[in-house]
Amino acid sequence: MSTVTESVDVNVPISTAYNQWTQFEDFPKFMDGVESITQINDTRTHWVTKVAGQTREFDAEITEQHPDERVAWRSTGGDTKHAGVVTFHRLADAETRVTIQLDWEPEGIAEKVGSVIGADSFQVKADAKRFKEFIENRGGETGSWRGDIARPGA
């Protein structure tokens, strides 16, 4: 299992950063390699990615979500095994730290080598920077979902 953690400070209120992160279908606007995301229901999404010429599809399930605090997920089927969490930390009225932690299982030689040399860390860092540019340039979110999903067993 490979783990990547990256933080970025964005110059928007915490609710704006969080609200934008709940708009999964907009992820291709700032995540390189994400071709599309389809929101199936409040807790399920279907992803299509293309990295290094390889297309992958998988479903993901939101396992925990609390407005202005965190969104956690895990893959539930398809070509990729991963889980992660994004947390939101208020630094000031109009400044938020967004921290992304991703755990994933590299498949095949290319992904395993990429993980060893830090390509996955570089990708998450670049995506975080593009998220910062996206939300700051817009000045507001494209939408929001403020539902609360309790951690399993809570």
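From the phi angles alone, apply the Karplus equation (6.51, -1.76, 1.60; θ = phi - 60°) to segment 53-68 and give each ³J(HN,Hα) in whole Hz, x where the residue is Gly or Pro.
x, 10, 8, 9, 10, 7, 9, 9, 10, 6, 9, 6, 8, 9, x, 6
Per residue of segment 129-142, what does 6.51 cos²θ - 1.76 cosθ + 1.60 with θ = phi - 60° give for ³J(HN,Hα)? Whole Hz please, x for Gly and Pro, Karplus curve as stated.
5, 5, 4, 4, 4, 4, 6, 6, 5, 6, x, x, 7, 7
Does the chain come out rounded, prolate or oblate by the C-alpha gyration tensor, with a ≥ b ≥ c the root eigenvalues, rounded set by a/c under 1.5 and, if not, prolate when a/b is larger than b/c and oblate if not?
Prolate shape, in that a/c is at least 1.5 and a/b is the bigger ratio.
Using a 1.4 Å probe and ignoring any ligands, DNA or RNA, find the accessible area of I100 and quote it in Å² to the nearest 10.
Accessible area of I100: about 20 Å².
Please arrange D93, D32, D9 by accessible surface area, largest first, computed with a 1.4 Å probe and ligands excluded.
I get D93, D32, D9, largest accessible area first.
Considering amide H positions built from the backbone, and no H for Pro or chain starts, which residues 5 or more places from T22, or on another chain, come under 5 Å of its amide H?
W145
Give the lysines whose C-alpha is closer than 18 Å to that of K81, dropping any in the same chain fewer than 8 places away, or say none.
List returned: K50, K112.
The values are calculated or read from the model by the stated rules, or taken from the named source; none is laboratory data. Everything numeric here is computed off the predicted structure, so don't read it as measured data. Just so you know, the surface numbers come from the protein's heavy atoms only, side chains and all, with ligands and any DNA or RNA stripped out. Shrake-Rupley method; radii C 1.70, N 1.55, O 1.52, S 1.80 Å.
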